[in-house]
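Colleague: My questions all concern the structure below.
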Amino acid sequence: MSTITAGASTAGAPTGRESAGERVERLQREYVMQPWAKQGVPSIAVQRAEGIYFWDYEGKRYADMSSQMVCSNLGHQNQQVIEAIKAQADELCYIAPGFAAKPRGELARLLVGIAGAEHFQRVFFTLGGSDANENAIEIARAYTGRPKILSCYRSYHGSTLGSAFASGDWRRFAYEIGGSAPSFIHFLNPSVYEDGYDRTPESQARCTKQYLSQLERQIAYEGPETIAAVLMESIVGANGVLVPPDGYMEGVAKLCHEHGILLICDEVMAGFARTGKMFAWQNYDIVPDLITFAKGVTGAMIPLAGVIVSTTISRFFESHPLPCGLTYSGHPLACAAGLAATQYYLDNDICAHVTQLEGVLGPALQYLAERHACVGEARCIGLFAALTLVRDKRTRELLAPYHAAASPMPAIFARLRQRGFYTFGRESNLNICPPLIITEHQLNEQLDTLDEVLSWADRQYCA
């Protein structure tokens, strides 16, 4: 036996009398590179999952109140999707993107219909949200012949090079070590509470007017004839579920139309019934030119994403080659999962269920905002919600300022996990985005846990 083979055979060998769960956790910690984190940090070893819950190897149950990364929309182990994957695996696991495969065409047709067949025609499939946004950028530049992409500071669009440059939050900094990409321009989008406004109609109108005026001026200074697209999350997700003020998205769309700038709506997190609509942009009086999607399209059962392309742009590429290509574009197994999951949303009227539970979650979070000193604002649309945590309600001093070196938020998330409530957040935001199949009883049960932990945070941080 060679030295290399002998060494490899002992890799991951148990140390002492470690349990199965300890071994799983150790292998993850020692051999797997963890995203957006320092390496070697312990994690939860998950043995199984079902519905809105997952369990560790010691049998502890966690309520998945973030749908993992806001992607397990249909809960864990949805049997309809699993059976579709099995059936497709028996028939055809893979064929290259240039061939016609049944689940590809069927899923593309279904997605175009949901987006609106009067406006959209084709879908370019990718694997994840990052490369969906990456390819939407390429399509926009090829169609317009313009270089610049405008995107928001309060945003996240992915971790491939183009999508990372387009992202606005601090995770883009690592990609800018060699210098910022000159054709990616950021503008400040509204965060109603943090910017000193409230949700009254008059205050929202002032907020909308201010931010649209700033954007209009920035477009003029950049040169509208150089701007290919404005890329925006329909509702900002990872950075705090920032529901835009009334009229803002319509105003952005109007500016784009006036200057021949494409509007790309990033639906990676907000899409697939998360807001009570199949796509979050359908909450506004707008129609984007390109729609990017991922996560909920398969309920995270298999990686799949894509770009839904307007009829006008699609027809342009009938006489011009599309400058995009991926080995696994429209992977048959993924498309079969996507077809089953999307049909599940429609057949079970998940949008109506989400809208009904918004009537439970929204008022409950408003109650928590009024009850707790540490809660500055509650935001909720569908089952897409977040709390902004503060030290002082009067001054709106955030519990964790932007990109703070030290933050009390990890301690709050840890206390929630101890009580079997799993979620995530960024800066001062605590996200509540449970699987869309959650029942009212399950939701209320977890809100009681959240109430308890917020009372602890009041005492710790708002004395």
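Read the figures in this text as sums done on the coordinates, not as results from a lab. Note that the structure is predicted; figures quoted are calculated from it, not measured. Please note: Cβ atoms are built from the backbone with ideal geometry, for glycine as well, and neighbour counts cover all protein chains shown.
Colleague: Taking helices (runs of 4 or more DSSP H) that fall entirely within the range 277-380, which contain at least 1 residues that are over 29 Å from Thr144 (Cβ atoms)?
Modeller: Details: elements: 311-316, 332-347, 350-371.
So the answer is 332-347, 350-371.
Colleague: How many residues does the range 239-276 contain that are assigned to a strand (DSSP E or B) and either touching a residue at least 60 places away in the same chain (Cβ under 8 Å) or over 17 Å from the mean Cα position of the chain (by Cα) (or both)? Let's see the steps before the verdict.
Modeller: Our first condition is that a residue be assigned to a strand (DSSP E or B); within the range 239-276, this holds for 242, 262-266.
After this cut, where a residue has to be either touching a residue at least 60 places away in the same chain (Cβ under 8 Å) or over 17 Å from the mean Cα position of the chain (by Cα) (or both) as well, the list is 242, 262-264, 266.
Qualifying residue count for the region: 5.
Colleague: Those residues that are assigned to a loop (DSSP other than H, G, I, E, B) and crowded, with 16+ Cβ neighbours inside 10 Å, I need them from the range 34-72; list them, please. Step through it out loud before you land on a result.
Modeller: Within the range 34-72, the first condition is being assigned to a loop (DSSP other than H, G, I, E, B), and the residues that meet it are 34-45, 52, 57-60, 65-66, 71-72.
Ile44, Ala45, Ile52, Tyr57, Met65, Ser66, Cys71, Ser72 - these are the residues of the range 34-72 that are assigned to a loop (DSSP other than H, G, I, E, B) and crowded, with 16+ Cβ neighbours inside 10 Å.
Colleague: Still on this structure, I have one more. May I ask you to say which residue of Glu134, Glu83 is in contact (Cβ under 8 Å) with a residue 12 or more places away in the chain and farther than 18 Å from Ile302 by Cβ?
Modeller: Details: Glu83 fails: farther than 18 Å from Ile302 by Cβ.
Going through Glu134, Glu83 in turn, the sole match is Glu134.
Colleague: Hey, Ser407 hits all of (1) part of a loop (DSSP other than H, G, I, E, B); (2) in contact with a strand residue (DSSP E or B) (Cβ under 6 Å, 6 or more places away or on another chain); (3) of a type in the set (Ser, Thr, Tyr) but one; which does it fall short on?
Modeller: (2)
Colleague: Do we find that Cys265 is more than 20 Å from Val287 (Cα to Cα) and touching a helix residue (DSSP H, G or I) at 6+ places or on another chain (Cβ under 8 Å) in this structure? Step through it out loud before you land on a result.
Modeller: Values: more than 20 Å from Val287 (Cα to Cα): no; touching a helix residue (DSSP H, G or I) at 6+ places or on another chain (Cβ under 8 Å): yes.
So Cys265 fails the test.
Colleague: Of all residues in the range 25-65, which are in contact with a strand residue (DSSP E or B) (Cβ under 8 Å, 6 or more places away or on another chain) and free of Cβ contacts under 8 Å to residues at least 40 places away in the same chain? Outline the logic, then answer.
Modeller: To start, the set of residues in the range 25-65 that are in contact with a strand residue (DSSP E or B) (Cβ under 8 Å, 6 or more places away or on another chain) comprises 44-57, 61-65.
Matches in the range 25-65: Ala45, Val46, Gln47, Arg48, Ala49, Glu50, Tyr53, Trp55, Asp56, Tyr57.
Colleague: Exactly one condition in (1) out of contact with any Phe, Trp or Tyr (no Cβ under 6 Å at 6 or more places or on another chain); (2) closer than 15 Å to Ile302 by Cβ is not met by Gly51; state its number.
Modeller: (2)
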